[in-house]
Structure formats: structure tokens, C-alpha cells
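See structure below.
The values are calculated or read from the model by the stated rules, or taken from the named source; none is laboratory data. It should be emphasised that the depicted structure is a prediction, and the values quoted were computed from it without experimental measurement. No Cβ is skipped: glycine too gets one built from the backbone with ideal geometry, and neighbour counts run over all protein chains shown.
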Amino acid sequence: MSLKSEALRKTLHLGGLLIPGSYFYFGKEITLLLTAIFLVAFFMIEPYRISRDTTQKIIEGIRPLFNEEVFKVISKGFEMVDSKIREITRAEEENCIGAHIYFTVAAMINIMFFPKEIAMATIIVATISDALAAIVGKSLGKHRFKNSKSLEGSLAFFFSAFAIFIFFVPLPYAILGSVVGTVVEFFNVPPNDNFSNQLAMSFFMYLPIILLEM
């Protein structure tokens, strides 16, 4: 994927910040409801994103509803949106669930089971630090590993994650969360790092708290 496409993908990915923003202003219950609505919408749209044939069927299906000139404008719009979506779709997502669904499911689990500060912080990190790691890695990555990840991208993830965590959790937890997030992002832990990264960071920051309370 080109740097331009990666930047566009990560710009759209920043929409994930709406979740912690909602959690901060509206609370847990409303945020879970809104996130669930988005998740249902994503699942409804997903077959159209994956299948080019489905997109064409939709276009042909609406043809009788409009005159030819209006239909040409609408179909051109569909084609343009479809083209942009495919431009920012990674190869592994072409025939399977997209990263946005993994991200949204992980965010819901985060909100349901972890303290507010940890949940908000990890969702923000999974949004911003992941984007910075990808863009820095694409544009400035000189020292690459066998999995195509770069030292520069990993450092961008770590330091940006730490800068975010330090506003939400004590210093030791901020360091721990940043290290865990960097490692999970580097190894692209299955099923998808947009899922595993959030939950790994939350789990390893929350685990010491649980142990200290025992």
C-alpha cells in the first residue's frame, strides 16, 4: 500500500477517537449503545465491501428508480466510493473481516470490562499510535525487519503511546502499556492487531492492579 493510501486509511481510522470521546462526555452505557449501533452497521456493510459483484448488483438494482442521467451520476458516485475503499483495503482484508470491525469489538470489550481510564487510554493509543507507526514506518522506516516492520515505526508507536498513557495512568503502567502495545503491533498478534493490541494493553495494565488488591 502506498504512503498516500496508508495516510488516507489512518485518517479514517482516527474516527475511532469518537469512542473515548463519547465515553468521556456521555458515560459507559450510552457509549456502548452507540458503539453497538456502529458495529451492526459495519456488519451490514461488510458484504458489499468484500464483494465487487454485490456492489454491481446494488448499482443495477437502483437503475429502475432513476432516469438515465441521474443514474449515471449515482453509479459514478458508487464506483468512486468503491474505488477509494479498495484503495485503502489491505490484501488480507479483501476476503475477510476488516480492521474496523476488530477495532470496534475490542473497544466494546474494553469499555465493558476494564476501568474507564485504562479503556479510554488504550482506545486512543490503538487509534493514534497505530496510525503514527504506520505512517512513520512507511515514510521514514530505514531499519526494517523480516516482517516488513521498521524500528522507526515501532519507536513512533512506543513514544506516542507513552505520551498518551501518562495522562491516564501512573508511570509504571504507562511504560508497561507502551511496551506491550509496541510488541503486539510489531508482531501483528492474531486475529488482528486492531483487536489484540487494545486488549493486550488493557489486560497487562489492569493485571498488576488486580494482583495488588488481592
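Which count do you get for residues in the stretch 172-214 that are in a loop (DSSP other than H, G, I, E, B), of a type in the set (A, V, I, L, M, F, W, C) and within 25 Å of Val105 (Cβ to Cβ)?
1
Collect the residues in the stretch 151-209 that are surrounded by 20 or more Cβ atoms within 10 Å (Cβ to Cβ) and among the acidic types (Asp, Glu), keeping them in residue-number order.
Of everything in the stretch 151-209, those that are surrounded by 20 or more Cβ atoms within 10 Å (Cβ to Cβ) and among the acidic types (Asp, Glu) turn out to be Glu185, Asp193.
Residues in the stretch 125-171 that are assigned to a loop (DSSP other than H, G, I, E, B) and among the hydrophobic types (A, V, I, L, M, F, W, C): how many?
5
Do any helices (runs of 4 or more DSSP H) lying entirely in the stretch 1-83 carry at least 1 residues that are over 19 Å from the mean Cα position of the chain (by Cα), modelled with pLDDT under 70 and surrounded by 15 or more Cβ atoms within 10 Å (Cβ to Cβ), and which ones are they?
28-50, 52-62
Which condition from (1) in a helix (DSSP H, G or I); (2) free of Cβ contacts under 8 Å to residues at least 60 places away in the same chain; (3) farther than 15 Å from Val184 by Cα is the one that Met108 breaks?
Among (1) in a helix (DSSP H, G or I); (2) free of Cβ contacts under 8 Å to residues at least 60 places away in the same chain; (3) farther than 15 Å from Val184 by Cα, Met108 violates only (2).
Give the residue that is surrounded by the most Cβ atoms within 10 Å (Cβ to Cβ), with candidates limited to residues of the stretch 84-121 that are of a type in the set (S, T, N, Q) and at pLDDT 75 or above.
The extreme case among them is Asn110.
Table: residues versus (1) at pLDDT 95 or above; (2) out of contact with any His (no Cβ under 6 Å at 6 or more places or on another chain); (3) of a type in the set (Lys, Arg); (4) over 19 Å from Ala119 (Cα atoms).
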residue: His143; (1), (2), (3), (4): no, yes, no, yes
residue: Phe162; (1), (2), (3), (4): yes, yes, no, no
residue: Glu185; (1), (2), (3), (4): no, yes, no, no
residue: Asn192; (1), (2), (3), (4): no, yes, no, no
residue: Pro208; (1), (2), (3), (4): no, yes, no, no
residue: Leu211; (1), (2), (3), (4): no, yes, no, no
